[in-house]
Structure formats: structure tokens, C-alpha cells
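Everything below concerns the one structure shown next.
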Amino acid sequence: MYNTVTRIFKEFYQSEKSGGLILIVCTAVSLILANTSFQREYLHAWHMNIAGLSIEHWINDALMAIFFLLIGLELEREIYVGELSNLKNALLPMAAAVGGMCFPAAIYALFNYGTPTQPGTGIPTATDIAFALGILSLLGNRVPPPLKVFLTALAVVDDLGAIIIISLFYTHSLVALNLFIALGIFVLLVILNRLRVYSLVPYLIGGIAMWYFMHHSGVHATITGVLLAFAIPFNRRGRKSPSYILQHYLHYPVAFVVLPLFALANTAIPIESGLLELSGEQYSLGISMGLLVGKPIGIATFSFIAVSLGICRLPRLVNWYHIIGVGLLGGIGFTMSIFITLLAFDDTTVINNAKLSILIASCMAALIGYTVLHFTLKRLFIR
């Protein structure tokens with residue numbers, strides 16, 4: 001399976017790596033504008049109301065539901081025909097993802113247990129697919145395809161873990177009636193799936209209705225995207241599969257519209273406190289150490305244990321130096337980490353400082369991971 005990179009995986013990889021580079025530009029632009037003479041106007045623009053919600057709110061609750069829909073569709077594809085369809089191949093990225101979530105969470109909890117910032121434990125557990133693949137793409141054709149597939153599968157499982165964490169631990173109040181209506185719509189869509197209704201129209205209409213009731217239930221509305229993804233039929237009809245069709249059309253809008261808007265809206269951070277002062281905060285230490293130390297140690301350790309026990313094996317052309325390098329790239333939190341930050345904290349200062357910590361740690365993880373892979377991949381192909 002590692003020798004075959006399907007057409008849709010290539011398309012996914014290409015869009016994600018390009019989107020990652022655009023995210024870097026958008027983040028830099030947003031940070032600059034938020035700390036210039038245009039600061040007031042720029043920050044105000046994201047808080048303008050449209051239909052009762054701010055632009056930032058629409059981006060984080062509605063547009064990000066589309067991002068979660070794409071993640072769900074990709075996860076569905078991986079389960080049916082991708083790396084996760086073969087248990088032997090799936091176990092390595094699954095083990096790596098579990099380690100990459102447990103270690104950072106434990107490190108954050110070590111610094112913040114029993115404090116008001118303890119709810120941020122989930123922040124360093126996520127890997128940003130777009131950024132990670134964007135950095136990996138800078139290494140060009142020296143990166144063996146199995147390593148790209150490993151990182152993608154790891155990040156997809158990682159995102160699934162983040163979605164579970166959000167649904168379990170970041171639901172503060174619950175309106176049972178609205179939740180039951182949303183889940184009822186999901187059940188109806190699953191029934192349509194079983195009845196082999198392949199038109200996307202009823203699923204998209206049902207998805208919008210499900211988002212509305214989920215939004216008013218107390219459970220974060222973006223979860224709707226994942227539920228909708230698994231309600232949409234996936235079969236082996238290739239390009240005629242509704243799941244394939246929708247995933248194909250969502251790649252570029254998500255990579256070049258949704259995520260850049262998310263980056264612009266959520267990295268508009270006025271830098272008011274000094275970096276030295278910020279680095280002394282417990283939540284900042286937990287985020288930074290979780291991403292920079294917890295991620296690579298967790299990914300490498302759980303991968304090593306899985307391989308040592310004979311549960312799985314390293315892919316062809318991949319060695320332990322590469323796993324460590326990918327583990328470092330796993331410390332690029334960004335999208336999901338910022339998203340969880342918004343759910344974990346209410347204090348604006350804490351939110352902005354946490355975002356800044358995520359950005360700094362993610363940049364360091366990207367730089368160190370790129371450097372490790374640059375030299376280890378070079379040695380591999382010189383031989």
C-alpha cells in the first residue's frame with residue numbers, strides 16, 4: 001500500500017502543501033497589520049456583525065465546519081481505500097498519533113494542573129496538516145512517498161483525536177432538544193446513504209440544517225462537518241462516488257479560502273507583553289514544551305514500541321531519523337491548536353498570549369523538523 005499513492009491522495013497533498021505556504025503568508029500579514037497604526041481598524045473589521053454573528057464567529061463556527069467536513073471525508077477515504085484500510089499499515093500512524101496526543105497533554109497538565117488554565121490541556125495535542133505538509137514539501141523530491149503518506153495519515157488520525165477531545169471536553173452547556181434534532185438529521189442522512197441515494201443535494205441541505213441545530217445545542221457546530229462526512233456515501237465507483245466528488249471540490253476552497261481566512265482572523269494578535277514575560281506563563285510553557293518536546297517524543301516513542309512489539313513495521317525508505325523529523329513537524333499545531341484555545345479560554349489576554357505561544361512553538365518545530373529531515377534525507381539518498 002505504501003508503494004501506491006492514489007490520485008486523490010496526490011491531489012490532497014498538493015492542495016495541502018500549497019495551502020500551508022499561503023497560511024504562513026497570511027499569518028505574517030495578519031500579525032503585522034495587528035501591530036501597526038491600522039491595528040484598531042483591522043481588529044474591528046473581524047468583529048463586524050453579519051446576521052447577528054461577528055465575521056470572526058462565522059469563520060470559526062461555519063467555515064471551519066467545511067474544513068472539518070474535508071477532514072472527515074479524507075478520514076473516510078483513508079479508512080476505506082487508503083492507509084487506514086490496511087490494519088498493518090494503519091497501526092504505525094495510529095500509534096504515532098496516540099503518542100503525539102498523550103505526551104503533549106501530559107506535559108501541559110504538568111505545568112497547569114489545578115490552575116485556571118488547566119482547560120488548555122488539549123491545545124498542544126493537534127497537528128496542522130496544511131503547515132506540516134507545506135514544510136515537508138520544501139524538501140522536494142528527496143522525501144520518499146511513504147513518509148508523506150505516514151505524515152498525512154498521522155495528522156488525519158491526530159485531527160480525529162482533536163475532534164473527539166473537542167466534543168468530550170469543550171462542551172460547556174447542552175441544549176438536549178437541539179442536540180437530539182441534529183443527531184436525528186444525521187440518522188436520516190445515514191438512512192439515505194443505506195438507501196443508496198447518491199445525489200449530494202439532500203446531504204448538503206441536511207448538513208446545513210444539522211449545523212444550525214448543533215450550533216444551538218452547546219456542542220461546537222464544527223462537529224457537524226465530521227458527522228456529515230460519514231453520512232455521505234463512499235463506494236468504489238471512483239470519481240462517481242459522492243464522497244470523492246465532494247472531497248475533490250472542497251480541496252481548493254478549503255486550502256485557499258477557508259484556512260487563510262481562519263489564519264487572518266485568528267492571528268490578529270496585538271503583541272502587548274514582552275516575549276520574556278510571556279515565556280514565564282505556565283500555560284505558555286505547557287503549550288511550547290508540549291508542541292516542541294511532547295510531540296516528537298510521543299510520536300517517536302509510540303512508533304518505536306509498536307515496531308518493537310511486531311505490531312507494524314517501518315515503511316520502505318523510512319528510518320528512525322525520519323520518524324523523529326516528522327515528529328518534530330507534528331509540533332506544528334496552528335489551526336487546531338488555535339481552535340481549541342478559543343474553546344478553552346475566555347480571557348482575551350490569555351487567548352492572545354496562547355495564540356502567540358502556539359505560533360512561536362510551531363515556527364520552531366517547523367525549523368527544527370525541516371533541518372533534521374534536510375540532513376537525514378540527504379544522507380539516505382547519497383548512499
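The values are calculated or read from the model by the stated rules, or taken from the named source; none is laboratory data. Treat the numbers as computed from the prediction; the structure is a model and nothing was measured. Note that we place each Cβ from the backbone using ideal geometry, even for glycine, and neighbour counts take in every protein chain shown. SASA here: full protein model, heavy atoms, side chains in, ligands and nucleic acids out. Shrake-Rupley method; radii C 1.70, N 1.55, O 1.52, S 1.80 Å.
Annotations for the structure displayed:
- Charge dipole (debye, nearest 20) of the chain; +1 at Cβ of Lys and Arg, -1 at Cβ of Asp and Glu: 1820
- With both labels modelled 7 Å from their Cα along Cα-to-Cβ, the residue 115 to residue 36 distance reads 3.5 nm.
- Dipole magnitude of the range 151-280, debye to nearest 20 (Cβ charges: Lys/Arg +1, Asp/Glu -1, about Cα centre): 980
- For residue 175, the residues whose amide H sits under 5 Å from its own are 218, 219, ignoring neighbours fewer than 5 places away on the same chain, with H placed 1.01 Å from N.
- Spin-label pair residue 47-residue 86: with each label point 7 Å from Cα along the Cα-Cβ axis, the two points sit 5.3 nm from one another.
- Just the protein heavy atoms count here, and of the accessible area of the range 168-259 at 1.4 Å, carbon and sulfur take up 72 percent.
- Placing a label point 7 Å from the Cα of residue 212 along the Cα-to-Cβ direction, the residues of the range 160-177 whose backbone N falls under 20 Å from that point are 175-177.
- Helical runs assigned H by DSSP (4 residues or longer) give the chain a calculated mean residue ellipticity at 222 nm of -22000 deg cm²/dmol, each run adding -39500 (n - 2.57) before division by the residue total.
- Rounded accessible area per residue of the chain, 1.4 Å, Å²: 43
- Karplus-derived 3J(HN,Hα) values for the range 286-303, using 6.51 cos²θ - 1.76 cosθ + 1.60 with θ = phi - 60°, are x, 5, 5, 5, x, 6, 7, 10, x, 4, x, 5, x, 5, 5, 5, 5, 5 Hz; glycine and proline are entered as x.
- Residues in the range 114-157 that a label on residue 79 would reach, taking backbone N under 13 Å of a point 7 Å out along Cα→Cβ: 157
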